[in-house]
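Take a look at the structure set out below.
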Amino acid sequence: MFITIIRTTLLYAMIIIAVRFMGKRQIGELQTTELVVTMLLSDIASLAVENSSRPLFTGIIPMLVLVVFEVFLSGAMIKSSRFRRAICGRPIVVINDGKIEQGELRRLRMSVEDLSESLRQQEIFSFDNVKFAIVETNGTLSVMKKPEKENPTMEDFKFKAEDNGIEAVVISDGSLSRFSMQLCDVDEEFISKALQKENINQKDVFIMTVNRNKKYNIIKKK
């Protein structure tokens with residue numbers, strides 16, 4: 001039992017390192033090669049955990065090979081667009097200038113119901129609102145609305161919007177984030193003065209956010 005726990009812990013750490021090494025993506029944004037590697041890593045890890053009679057390196061070595069292979073492929077795809085298209089395919093336009101491309105839908109084996117569902121997830125409930133829709137290589141749908149269907153912006157009304165810059169969480173559950181402090185260009189002295197002004201200790205702060213205009217918001221712990 002103890003051996004199984006140790007093996008599981010080591011393989012768990014190995015998978016985390018492998019995924020971090022390959023880069024950060026959400027599951028829905030994985031390219032073909034990344035999805036295949038992710039699935040194989042989980043299968044190899046489960047086999048290594050279940051079969052404790054096999055040496056641990058028989059699971060770790062294939063995982064390392066897969067990660068190295070994925071990194072090599074990623075580098076090759078960056079350098080060669082042809083190689084990338086061969087591996088990942090190319091984006092496909094399924095609505096072109098307001099017209100549904102039925103042939104492309106059949107090629108993707110994508111039904112009209114599938115297309116409607118993807119549009120609804122982007123709060124578009126009518127095909128008449130869409131000028132272009134493109135199925136990306138990772139399977140997500142990018143949509144461009146018709147100009148007359150777009151929501152008006154402040155620029156359209158000639159209004160000038162206040163730019164507060166990026167807002168970041170500088171204190172989370174009482175802990176200070178130096179990375180977030182750099183993002184919003186504040187230092188510990190500023191945060192200390194803000195906490196003194198609100199008469200609250202850092203350990204009692206649940207969340208504190210600050211933007212580059214030095215506007216802050218504090219939520220106390222309950």
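The values are calculated or read from the model by the stated rules, or taken from the named source; none is laboratory data. This one's a predicted model, so the numbers in the text were calculated from it and none came from an experiment. Reconstructed Cβ throughout: ideal geometry from the backbone, glycine too, with neighbour counts over all protein chains shown.
If you go through the stretch 109-131 and pick out every residue that is surrounded by fewer than 16 Cβ atoms within 10 Å (Cβ to Cβ) and at negative phi, you end up with 13. Screening the candidates S42, S52, S74 for the property of being part of a loop (DSSP other than H, G, I, E, B) and in contact (Cβ under 8 Å) with a residue 24 or more places away in the chain yields one hit, S52. If the condition is being closer than 19 Å to D173 by Cβ and surrounded by 15 or more Cβ atoms within 10 Å (Cβ to Cβ), then the stretch 184-203 contributes C184, V186, I191, A194, L195, I200.
Taking the conditions exactly as written (within 30 Å of K215 (Cβ to Cβ) and of a type in the set (D, E)), does E136 satisfy them or not? Answer is no for this residue.
Per this entry, K160 is not counted among residues that are of a type in the set (K, R) and touching a residue at least 24 places away in the same chain (Cβ under 8 Å).
Within the stretch 1-58, the residues that satisfy the criterion of being among the polar types (S, T, N, Q), modelled with pLDDT of 75 or more and within 30 Å of A86 (Cα to Cα) are T38, S42.
Restricted to strands (runs of 3 or more DSSP E) entirely inside the stretch 136-222, those with at least 1 residues that are polar (S, T, N, Q), modelled with pLDDT of 90 or more and within 30 Å of I92 (Cα to Cα) are 141-145.
In the stretch 82-135, the qualifying residues are those that are under 27 Å from E70 (Cβ atoms) and part of a strand (DSSP E or B), and the one that is farthest from the chain's Cα centre (by Cα) is I92. Among the residues of the stretch 159-168, are any surrounded by 15 or more Cβ atoms within 10 Å (Cβ to Cβ), closer than 30 Å to I17 by Cα and in contact with a strand residue (DSSP E or B) (Cβ under 9 Å, 6 or more places away or on another chain)? Checked the stretch 159-168: at least one residue is surrounded by 15 or more Cβ atoms within 10 Å (Cβ to Cβ), closer than 30 Å to I17 by Cα and in contact with a strand residue (DSSP E or B) (Cβ under 9 Å, 6 or more places away or on another chain). Could you say whether any residue in the stretch 70-89 is under 30 Å from I44 (Cβ atoms), among the basic types (K, R), loosely packed, with under 12 Cβ neighbours inside 10 Å and in the same structural domain as L35 (by TED's automatic domain parsing)? Yes, the stretch 70-89 contains at least one residue that is under 30 Å from I44 (Cβ atoms), among the basic types (K, R), loosely packed, with under 12 Cβ neighbours inside 10 Å and in the same structural domain as L35 (by TED's automatic domain parsing).
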